[in-house]
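This report concerns only the one structure given below.
Bear in mind that the values in this text are calculations on the coordinates, not laboratory data. Fair warning: this is a prediction, and the values are worked out from it, not measured in the lab. Cβ atoms come from the backbone with ideal geometry, glycine included; neighbour counts cover every protein chain shown.
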């Protein structure tokens, strides 16, 4: 077979594959991404404020602050379900992004509040 036929066949196969897969709703994915960012950011900031108000950064209570951070991460799944997002369809990248945003905003808000 010539290269043109192979290129034509691959283009035809791509078109048929695109016809089978439903089009992605880009607007919904964009709105869901904004919701993920806002919820994870809010939980990170709130958990940082709670750690500042109620915990001393010395070692015995520092372990509790990590537990509070994990709780702030795990409580987000039911909230995403309540907001109408299908959290069961999130990939590992989505969960990594959510955990990273929560961790960074928890750390930054707690450190900023600890330094007068």
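Under 14 Å from the 7 Å Cα→Cβ point of residue 53, by amide nitrogen: which residues of segment 96-116? Residues 110 qualify, since their backbone N sits under 14 Å from the label point. The alpha-carbon atoms of segment 23-114, seen along their principal axes, cover 53, 21, 21 angstrom, with the largest extent given first.
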